[in-house]
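Student: What follows is a structure written as structure tokens; I'll ask about it next.
The values are calculated or read from the model by the stated rules, or taken from the named source; none is laboratory data. Quick caveat: nothing in here was measured; it's all calculated off a predicted structure. For neighbour counting, all protein chains shown are included, and Cβ atoms are generated from backbone atoms with ideal geometry for every residue, glycine included. Just so you know, the surface numbers come from the protein's heavy atoms only, side chains and all, with ligands and any DNA or RNA stripped out. Shrake-Rupley method; radii C 1.70, N 1.55, O 1.52, S 1.80 Å.
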Protein chains: 4
Amino acid sequence: MKSEDLKAVRAFVKQHLDGRYAELDAFEEKPSEVYERFRETGLANWWLPESLGGRGLSLEDGVELVNELAYGDAGVAFTLFISVLGTSMVELYGSEELKKRYLAPMAERGSFCATLGSERAAGSELGKIDTVVAVDGDELVVTGEKFFSTNTDFADFLLVVGRSAEDPEQSAMVLIPRDTPGIEIVKRWDVIGVRSSYTYQVSLKGCRVPAANRLAGSGLRLLEIGLNASRILIATTALGIARRIRDLCMTYAKTKPLRDGVLLDNPVFAAKLGQMEMQIDVMKSHLLRAGRDYDAVMASPDAADLWHRQGTLKSALTAKMFCGQTGWDIATVGSEMFGGLGYTHESPINKLMRDMRYISIVEGGDDVLRDLVFSRYVIPVPRRS
Amino acid sequence: MKSEDLKAVRAFVKQHLDGRYAELDAFEEKPSEVYERFRETGLANWWLPESLGGRGLSLEDGVELVNELAYGDAGVAFTLFISVLGTSMVELYGSEELKKRYLAPMAERGSFCATLGSERAAGSELGKIDTVVAVDGDELVVTGEKFFSTNTDFADFLLVVGRSAEDPEQSAMVLIPRDTPGIEIVKRWDVIGVRSSYTYQVSLKGCRVPAANRLAGSGLRLLEIGLNASRILIATTALGIARRIRDLCMTYAKTKPLRDGVLLDNPVFAAKLGQMEMQIDVMKSHLLRAGRDYDAVMASPDAADLWHRQGTLKSALTAKMFCGQTGWDIATVGSEMFGGLGYTHESPINKLMRDMRYISIVEGGDDVLRDLVFSRYVIPVPRRS
Amino acid sequence: MKSEDLKAVRAFVKQHLDGRYAELDAFEEKPSEVYERFRETGLANWWLPESLGGRGLSLEDGVELVNELAYGDAGVAFTLFISVLGTSMVELYGSEELKKRYLAPMAERGSFCATLGSERAAGSELGKIDTVVAVDGDELVVTGEKFFSTNTDFADFLLVVGRSAEDPEQSAMVLIPRDTPGIEIVKRWDVIGVRSSYTYQVSLKGCRVPAANRLAGSGLRLLEIGLNASRILIATTALGIARRIRDLCMTYAKTKPLRDGVLLDNPVFAAKLGQMEMQIDVMKSHLLRAGRDYDAVMASPDAADLWHRQGTLKSALTAKMFCGQTGWDIATVGSEMFGGLGYTHESPINKLMRDMRYISIVEGGDDVLRDLVFSRYVIPVPRRS
Amino acid sequence: MKSEDLKAVRAFVKQHLDGRYAELDAFEEKPSEVYERFRETGLANWWLPESLGGRGLSLEDGVELVNELAYGDAGVAFTLFISVLGTSMVELYGSEELKKRYLAPMAERGSFCATLGSERAAGSELGKIDTVVAVDGDELVVTGEKFFSTNTDFADFLLVVGRSAEDPEQSAMVLIPRDTPGIEIVKRWDVIGVRSSYTYQVSLKGCRVPAANRLAGSGLRLLEIGLNASRILIATTALGIARRIRDLCMTYAKTKPLRDGVLLDNPVFAAKLGQMEMQIDVMKSHLLRAGRDYDAVMASPDAADLWHRQGTLKSALTAKMFCGQTGWDIATVGSEMFGGLGYTHESPINKLMRDMRYISIVEGGDDVLRDLVFSRYVIPVPRRS
């Protein structure tokens, strides 16, 4: 990554996000024009490979960028990076044809894709999905109800996981262009935080696509692989939000009167901020390492095979767990820092707290992740840290 | 307290609050008609003495009632009990005339009063207030800007703390009828939780009242004394909210599929709920004790003097600290229990979390209270527990 | 309880325990002469009923006494109260003959009894015990290996739980005099804290007693009932230790130089001690309530039946959980307070930390108790707090 | 580092430390022969530069080695790495002559050095030291009382910080050979953990050394610089101990009966171990990063100047804070895992808990470090993470 890229993102945050928290929290009807502004930086979908016209930035770079974006607004960050979940599956397991047809335009236009995994009765246990993928000649017909999927309404295409009509033990990941008949947006979810992002409940009724739109391999395994990048970047939003909370506290403490001085001079305040900074520093170390772990697999010529064997990356799991917990701890401290004013919508702290809450909830709660870490990385002795 | 009273409150909660969380969270323009309904129970302002036509219930009883009310809605509970802060000061330090004129109607009509303490530059440090109380013949003239005060707009009267124009070292607590010229509601605060309650910023411009409307003693000391009852009841709302969270979790767990069964059968869930129940049980023990501590002072014929010497009741401080912290811990666990749906406004959990947040913020944050406990109850060896 | 009793215990602590922590931590070969000194107060086995020559103090009184004793030394406190586990079973479920023969001398002489429940393969799951109680004419023959039992070597008698040789589904609680042939002390456990107490592994080889030495009812249920009093008093030791830690911190802070003053003036120190005092205050509220809950059942003429139906008292479980967790939190803060010196045996803090650790371990770890609270007090809706 | 080095350390741990916890915890009179055995690996003082005959391993390598050593025994690890505090100061700020005379033999013989900083009245505030360094012709005379210093008795030489007799505002770091007259070991501290290490109180009475034995620069600043490497490695011992606790838990859980199976199958156990593994993984990420941060400064040709400007490395502070806190959390969970047996000296868990406690205590408690992080790395905006 060139240092200009980071500067460009910082400038974008400063110009388009800073001070607009009320607006970004307002649950507006259409994606904000800030997404247009981000496209102008040339960094939209920064991870798409250069061979497809993208910037080809690594996930370690992505951690740096998302850290800055989430410092501005976590919902904007989420909207801007969550397509990586879908594109990474296409990049690894799609045909050259699919990549050219669907990823190249995303690189060029800075547009979005969406991944549709969870269903009402299949949240943390994706093995319970009911969406069906049936073969009909050289076409696939996809039918089902998907619960939470982000960016769907304005995405170029959807990646939908379903089970095979022919063999319910098999699952498939199918790329469905957004304009395919049968895709219906049931509703947009009224989420409590990251409210500048757009998450939908979606119905798929007999959506037909060419058989070649199915990615290679088990759909559930592919989803698991795709979640590695997105979990690391979701975890990274905790870092950006935490840094914003810290800076808000510092700004406030400089002028908040306390006894004969200001809050900044108070040792209890110093202790809280020292602890917060430590936590921020550790989050950053771990996120960058998780990014490098991911990049190391991707750098292999056998990346697709390696991922297939590996599935869930350990540091992706531990990053989301750690940053979700630590971020919440910071949000808790922050939310008590601003007195009564902090309990009103006049202070940004409560938005930051609500934004922070999503880290531990989306893409697997801690109970699910602890269980995964235990079964995949503690039971097998050589995989322990 | 007769057992019918508790039953009446439970019935009120069931009939008028249950299932209406969206509405109660909606920040409506006028106090909800639920306050009318509560009056019909005959329990409005349950603590007012029988000699003034009230029910004369103890604070220990109050803990039981607020526990039930907050199980229904914390904002409703807050609105219904917060007048105790003002009435207890009038009862202890007002003339018989004032009590008859102002408390008796509250008992009869189930109406409200408001206490105006904090100012923009005097939140946790009330010694910094700027509101001035000047003597003008046999009248007092009160002028100032008050930051957070609950129920003011629809209160019968206001209790305002200010410093004496004649001697800035002295402070006074003055009863000002709501219809006194010069009271201006600057705005209602857009709070993040307890949104069925009404908290205002208020301007007082030369409000004139008879000199007899001044309560006896230092205004700041009186405020400290009045806060004992309200802090205990604020702490109690944590208990009610926590019980609601527990019950929501149990209801959810009965039908939420997990592996081959439901969440209810999961040992990790059982461990979380067992811990939560322990915390609820301990909160209840401590709140009832704090109520009894308060009642014991009130039962003395010298209550006014005793309070004057004592000031802040230890268990009122420790109850607010403990229930604020423990309640937040429960809200944190609860807010991760409901998966993605819990991150939307379709689930009541996020309202409960926002409601819970107020316990540790209003009427003194934990930093302030820890400091008070230390200086008042740890430094003096015989006052240690 | 007469106020002289509390004074007598405080005087005992001051005279015989204060300043002797190294000695009391030394794992001496024989019970310290402090136990003789305690007998002289006339308060040994303070809970034994007056009808048997005891002091007949309530468990609420017991909480006050153990609080003081544990302030002196938790191991001494444990030794002095743990007989209650056995005597309460005899009092409730033994014949008048047994009570006269075994409890009356304990009241007179201030001697000890021991309860033998756990086995190597039956710690938290007592249903797995292997000790066998066989009927042989009008005698019982008891054979087995008991893992942890306190006071056994110098006890007057043992209460041993075993399963019936005739019907392995049935369990029995049998009183075995200490001098019965076949009792062998396998070893004394080298515990890490409460080292002035004496806990043994014991072998029982064909110990013969009259059939009348069997208490009425299921042995396992009786044990569960007996644990109520001991769990509350174990929890109470956390309170005593915590108060000692607080006072040690305060004493240290008065002379420990920090910058231009002493540690006592430091706001971070004040915040820690304010928090600690709050925790102590809440522990005390809950322990006294648990004591009263216990006393309320005991005050009933049907106490034996009531207990049989109730089994484990809710507040006994929650008190042990809460005080174990809160005490450990306080020990953690305390153990970091004394700098490098606190990491040596020259400071009592590390003994206090090791003593504190036992609260959450003996008589059921938190995992076991959380599970019990959940199944007994959360699942049944009316038993929720 | 060659992979054989890591293998050699693992073999050393397996052969000489595993299973000997009672012995290593026994506070033996003389350094154990395990130190001799470690010398045989050729890795003693692994960090000494190749130019002086050392192995020249980086601090990142050191983190890997200490992780393995502390998995074996934290006290042994501490003894083996703590000389780095002294040697790094000599390497950076000593003359070539001093390096050749004192560091080269340490590389050759695998011997030790000691650093003497703290005094009775100068623990966390080293600015308060009273030890005096006086110039007498071309000699220095050092006199003072040093409180905690590790390895001193069997060290080749001591690095002593004192204030200048001529200008008390100035401090000096002086190298004093162990056999210098006037060095008296007052006592060895009876520490509660890391008991295979040796920490002493030391008296210095008119110890004379050549003036050239003074290192260049402020003694206090040099000490601060030296602490960077040792704090990172102290933090690393938390990682090793934590991994050992995890593995002990797993071994225990495989055979510990629980209901119809073993503890390993219990979801609550899985959740605890999943959380623990996450914490271990994050500690490792951060420690390796701290090592690289340190190595990056050392790799500069201006390392001595860079350090002089930088002083305390941020990640050294945050690593010790984080690993101390996280390690204690793991020790707390671990210490409740083994039932009653875990409360006896028959289980290694309590030694591991006591060992773990030192991380947050030596070389600055968390209060001191939080304050340092705040003043050095939060107040200056560009140094925030």
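Student: Work from the charge dipole of chain B (Cβ charges, +1 for Lys and Arg, -1 for Asp and Glu, about the Cα centre) and give the residue of B:Gln201, B:Phe81, B:Tyr358 farthest towards its positive end.
Tutor: Farthest towards the positive end: B:Tyr358.
Student: Suppose every Lys and Arg Cβ carries +1 and every Asp and Glu Cβ carries -1, with no other charges. What dipole size does segment C:113-213 come out with about its Cα centre, to the nearest 20 debye?
Tutor: Computed about the Cα centre, the dipole is about 460 debye.
Student: Please give the net charge around B:Val373, taking every other residue with its beta carbon less than 9 angstrom from that of B:Val373, where Lys and Arg add +1 and Asp and Glu add -1.
Tutor: Local net charge: 0.
Student: What FRET efficiency do you get for A:Val186 and B:Leu258 if R0 is 22 Å and r is their Cβ-Cβ distance, rounded to the nearest 0.05?
Tutor: E(calc), rounded to 0.05, equals 0.30.
Student: To one decimal in nm, how far is D:Leu6 from the same spot in the other copies, if labels go 7 Å from Cα toward Cβ? Please give the shortest first.
Tutor: Values, ascending and in nm: 2.8, 6.2, 6.3.
Student: Please report, in whole Å³, the volume per residue of the convex hull around the C-alpha atoms of segment D:291-385.
Tutor: Hull volume normalised by residue count: 121 Å³.
Student: What's the FRET efficiency of D:Lys128 with B:Lys128 using the Cβ-Cβ distance as r and R₀ = 35 Å, to the nearest 0.05?
Tutor: The calculated FRET efficiency here is 0.45.
Student: Pairs to check: D:Lys30/D:Lys320; B:Lys254/C:Lys320; B:Lys284/B:Lys314; A:Lys128/B:Lys256; C:Lys284/C:Lys320; A:Lys254/D:Lys320. Give those whose C-alpha atoms are more than 19 Å from each other in this structure.
Tutor: Pairs exceeding the cut-off: D:Lys30/D:Lys320; B:Lys254/C:Lys320; A:Lys254/D:Lys320.
Student: Name the residue, out of D:Leu98, D:Leu264, D:Leu69, whose mean-square fluctuation peaks in a Gaussian network model built on chain D with Cα pairs under 10 Å.
Tutor: Maximum fluctuation in the GNM of chain D, among the listed residues, is at D:Leu264.
Student: Direction-averaged shadow area of the convex hull around the Cα atoms of segment A:219-383, nm²?
Tutor: Quarter of the Cα hull surface area: 11.3 nm².
Student: If you don't mind, there's one more thing I want to ask. Within a Cβ distance under 10 Å of D:Met278, other residues only, what is the Lys/Arg minus Asp/Glu net charge?
Tutor: For residues surrounding D:Met278, the net value is 0.
Student: Could you tell me the center-to-center distance, by alpha carbons, between segment A:206-267 and segment C:196-230 in angstrom?
Tutor: If we compute the Cα centre of each part, the gap is 57 Å.
Student: Shifting gears a bit: Using only the alpha-carbon atoms, how far is helix D:219-255 inclined from the longest principal axis of chain D? Give it as 0 to 90 degrees, nearest 10.
Tutor: 10 degrees
Student: On to the next question. Please compute the contact order of segment D:26-148 in relative form: average sequence separation of alpha-carbon pairs under 8 Å and at least six residues apart, divided by the residue count, as a percent.
Tutor: 20 percent
Student: Next question, about the same structure. For segment A:3-109, what is the convex hull (Cα atoms) projected area averaged across all directions, in square nanometres?
Tutor: 6.7 nm²
Student: Which one, C:Ala229, C:Ala253, C:Ala242, is farthest towards the positive end of the dipole of segment C:218-324 when Lys and Arg carry +1 and Asp and Glu -1 on their Cβ?
Tutor: It is C:Ala253.
Student: As a quick test, which of the pairs C:Lys2/C:Lys99; A:Lys2/A:Lys146; D:Lys2/D:Lys351 have an alpha carbon distance above 30 angstrom in this structure?
Tutor: Beyond 30 Å between Cα atoms: A:Lys2/A:Lys146; D:Lys2/D:Lys351.
Student: Considering the convex hull of the alpha carbon atoms of segment D:129-196, report its projected area averaged over all viewing directions, in nm², one decimal.
Tutor: 5.4 nm²
Student: Taking H placed 1.01 Å from N in the peptide plane, check which residues at least 5 places from B:Phe157 or on another chain put their amide H under 5 Å from its amide H.
Tutor: Placed amide hydrogens put B:Ala114, B:Arg178 under 5 Å from B:Phe157.
Student: Work the Kirkwood hydrodynamic radius out for the protein assembly as shown: mean of 1/r over every pair of different alpha-carbon atoms, inverted, in Å.
Tutor: Final number for the Kirkwood radius of the protein assembly as shown is 35.2 Å.
Student: For segment C:326-336, in order, what is each residue's ³J(HN,Hα) by Karplus, 6.51 cos²θ - 1.76 cosθ + 1.60 with θ = phi - 60°, in whole Hz (x at glycine and Pro)?
Tutor: 6, x, 5, 4, 5, 5, 5, 4, x, 6, 9
Student: Explain nothing, just the number: dipole magnitude of segment A:180-291 about its Cα centre with +1 on each Lys and Arg Cβ and -1 on each Asp and Glu Cβ, in debye rounded to the nearest 20.
Tutor: Approximately 320 debye in magnitude.
Student: Over segment C:113-213, what is the mean sequence separation of C-alpha contacts under 8 Å (at least six apart), divided by residue count, expressed as relative contact order in percent?
Tutor: Reported as a whole number, the value is 31 percent.
Student: Between segment D:73-116 and segment B:92-112, what is the separation of their alpha carbon centroids in Å?
Tutor: Segment D:73-116 and segment B:92-112 have Cα centres spaced 80 Å from each other.
Student: First select every other residue whose beta carbon is under 12 angstrom from the beta carbon of A:Tyr21; then total the charges, Lys and Arg +1, Asp and Glu -1.
Tutor: Value of the local net charge: -1.
Student: Starting from the Cα-Cα distance between A:Glu50 and A:Asp179, subtract it from 0.36 nm times their residue separation and give me the gain in nm to one decimal.
Tutor: Result for the pair: 43.8 nm of gain on full extension.
Student: Still on this structure, please answer the following. Under 5 Å between amide hydrogens, which residues at least 5 positions from D:Ser95 or on another chain qualify, with H placed 1.01 Å from N in the peptide plane?
Tutor: Residues meeting the amide H criterion: none.
Student: For segment A:341-382 and segment C:16-37, what is the separation of their C-alpha centers, rounded to whole Å?
Tutor: 49 Å
Student: If you wrap a convex hull around the C-alpha atoms of segment C:60-195 and split its volume per residue, what is the figure in Å³?
Tutor: 134 Å³
Student: Which ³J(HN,Hα) values in Hz, rounded to whole numbers, follow from the phi angles of segment A:310-316 under the Karplus curve 6.51 cos²θ - 1.76 cosθ + 1.60, where θ = phi - 60° and Gly and Pro get x?
Tutor: 7, x, 7, 6, 4, 6, 5
Student: While we're on this one: Skip the ligands, DNA and RNA, and give the accessible area per residue of segment C:219-383 with a 1.4 Å probe, whole Å².
Tutor: For segment C:219-383, the solvent-accessible area averages 28 Å² per residue.
Student: Report Rg/Rh for chain C, rounded to two decimals, where Rg is the Cα radius of gyration and Rh the Kirkwood radius.
Tutor: 0.98
Student: Moving to a separate point now. So for segment A:162-305, Kirkwood radius off the Cα pairs, Stokes-Einstein at 37 °C and 0.692 mPa s: how many µm² s⁻¹?
Tutor: 164 µm²/s
Student: Then there is this: Could you give the size of the charge dipole of the protein assembly as shown about its Cα centre, using +1 on the Cβ of each K and R and -1 on the Cβ of each D and E, expressed in debye and rounded to the nearest 20?
Tutor: My answer is approximately 0 debye.
Student: Follow-up. GNM on chain C, C-alpha springs below 10 Å: top fluctuator among C:Ser230, C:Ser58, C:Ser347?
Tutor: Among C:Ser230, C:Ser58, C:Ser347, the largest GNM mean-square fluctuation belongs to C:Ser347.
Student: Put a label point 7 Å from Cα along the Cβ direction on B:Pro380, then list its distances to the equivalent points in the other copies in nm, shortest first.
Tutor: Result, one decimal in nm: 4.5, 4.7, 6.5.
Student: With a 1.4 Å probe, how much accessible area is buried between chains D and A, both sides summed, in Å² to the nearest hundred?
Tutor: 3200 Å²
Student: If r is the Cβ-Cβ distance from B:Thr251 to A:Glu169 and R0 is 35 Å, what FRET efficiency results, to the nearest 0.05?
Tutor: Using R0 = 35 Å, I get an efficiency of 0.55.
Student: Hey, could you get me the Stokes-Einstein D for segment B:227-303, Kirkwood radius over alpha-carbon pairs, 20 °C and 1.002 mPa s, rounded to whole µm² s⁻¹?
Tutor: After rounding, the answer is 147 µm²/s.
Student: Please give the helix D:267-298 orientation as an angle from the longest Cα principal axis of chain D, in degrees from 0 to 90, rounded to the nearest 10.
Tutor: Approximately 20 degrees, to the nearest ten.
Student: Now, a different point. Place +1 on the Cβ of every Lys and Arg and -1 on the Cβ of every Asp and Glu in chain B, take the dipole about the Cα centre, and give the residue among B:Thr312, B:Phe112, B:Val135 whose Cα lies farthest towards its positive end.
Tutor: Toward the positive end, the furthest listed residue is B:Thr312.
Student: How much of the DSSP bridge set in the protein assembly as shown is antiparallel, in percent, rounded to the nearest 5?
Tutor: That works out to approximately 80 percent antiparallel.
Student: Check A:Glu119: other-chain or 5+ apart residues with amide H under 5 Å from its amide H, H built from backbone geometry?
Tutor: The answer is A:Phe147.
Student: Next up: Taking each label point as 7 Å beyond Cα in the direction of the beta carbon, state the distances from A:Ala121 to the same residue in the other copies, shortest first, in nm.
Tutor: Nearest first, the other copies' label points are 4.2, 6.5, 7.7 nm away.
Student: Moving on to the next point. Give me the one-decimal nm value for the distance between modelled label points at A:Gln15 and C:Ala212, 7 Å along each residue's Cα-to-Cβ direction.
Tutor: Taking the two extended label points, one gets 9.9 nm.
Student: Which whole-number percent gives the relative contact order of chain D, counting Cα pairs below 8 Å spaced six or more residues apart?
Tutor: It comes to 17 percent, rounded to a whole number.
Student: Sticking with this structure for a sec: Per residue of segment D:28-34, what does 6.51 cos²θ - 1.76 cosθ + 1.60 with θ = phi - 60° give for ³J(HN,Hα)? Whole Hz please, x for Gly and Pro, Karplus curve as stated.
Tutor: Using θ = phi - 60°, the values come out as 6, 6, 10, x, 4, 5, 4 Hz.
Student: Follow-up question, since we're still on this one. So if I restrict to the alpha-carbon atoms in segment C:24-72, what is the Rg, and what is Dmax, the biggest pairwise distance, in Å?
Tutor: 12.7, 39
Student: List the residue from chain D whose beta-carbon is nearest to the axis that rotates chain D onto chain A, together with that distance in whole Å.
Tutor: D:Ser285, 3
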